[in-house]
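Heads up, the thing below is written out as structure tokens.
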Amino acid sequence: WNPESTSDYSGQNYLDSFVTGSGTSITAAHLPLTEIALTGEGAELESQTTTAGGVATLNESYAALVAGYPYTSTCELVNAEGGNPMGTAQGKIKRIDKLSIRLLNSLGFQYGVDTSDLTEFVERTTQTNLGERPRLYSGVRRDFMDGGYDFDSSVAIEQSRPYPLNILAVMMEWKVNP
């Protein structure tokens, strides 16, 4: 999937066992009486439970609908290693202070020191008008990390929304006790 611009949501199908359609309803006959996730013209809609025939009915009409199972993608990096003035950082207490993630056409994910304590990537800016879906983000996202000192310092990145997440690089700044 290679969008033409940061507002191009065509072809965005980030749900499992998905079906596509348009209008005020969508039929996923293979998913009867199932809670499904929905997107309408690229915007995340409220999840619904389908009827016995697999139909989900919406309050508005959409030119492009996608319905399917939601899923969560999780990336947990190996422990940080970069050395220190006294040699290797392995086996030493360390703390990740800052995290930078280089992204391409991405939206709606979380990150942190582990999956139990994640920070939401804020996708709305002052340039996003109310009622307008956020644009896909390309660039470097920088943030401070809230993790403590530990022998096993790492980073977790998670995506549980029906949006693209293309990670090109993950860079960390940390402190190592000598």
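The values are calculated or read from the model by the stated rules, or taken from the named source; none is laboratory data. Here the structure is a predicted model, which means the values were calculated and not measured. Quick reminder, even Gly has a Cβ in these numbers, built from the backbone with ideal geometry, and neighbours come from all protein chains shown. Just so you know, the surface numbers come from the protein's heavy atoms only, side chains and all, with ligands and any DNA or RNA stripped out. Shrake-Rupley method; radii C 1.70, N 1.55, O 1.52, S 1.80 Å.
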_Length gained when the stretch residue 177-residue 102 is fully extended (0.36 nm per residue, less Cα-Cα span)_ = 24.2 nm
*Per-residue accessible area for residue 104 at 1.4 Å probe radius, Å² rounded to 10?*
80
*Using label points projected 7 Å from each Cα along Cα→Cβ, tell me how many nm separate residue 61 and residue 170, to one decimal.*
4.5
*Per residue, how much accessible area does the chain have with a 1.4 Å probe, in Å²?*
56
_Solvent-accessible area of residue 163 with every protein chain in place, 1.4 Å probe, in Å² to the nearest 10_ = 20
*With springs connecting C-alpha atoms under 10 Å apart, model the chain as a Gaussian network and identify which of 88, 115, 49 has the largest mean-square fluctuation.*
88
_Charges at C-beta only: +1 for Lys and Arg, -1 for Asp and Glu. How large is the resulting dipole of the chain about its Cα centre, in Debye rounded to 20?_
460
*Where does the chain land on Rg(C-alpha)/(2.2 N^0.38 Å)?*
1.26
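Round to a whole number: what % of the accessible area of the chain belongs to carbon and sulfur, probe 1.4 Å? Don't skip to the answer; put the middle values down first.
Working: 4770 of 9980 Å².
That share works out to 48 percent.
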_Please compute the length gained on full extension between residue 46 and residue 140, using 0.36 nm multiplied by the number of residues separating them and subtracting their Cα-Cα distance._
30.9 nm
*Which order do 172, 145, 86 take when ranked by solvent-accessible area (1.4 Å probe, heavy atoms of all protein chains), largest first?*
86, 172, 145
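So if each residue of separation counts as 0.36 nm, and I subtract the Cα-Cα distance between residue 77 and residue 119, what length gain in nm does that give?
The residue 77-residue 119 span can extend by a further 13.5 nm.
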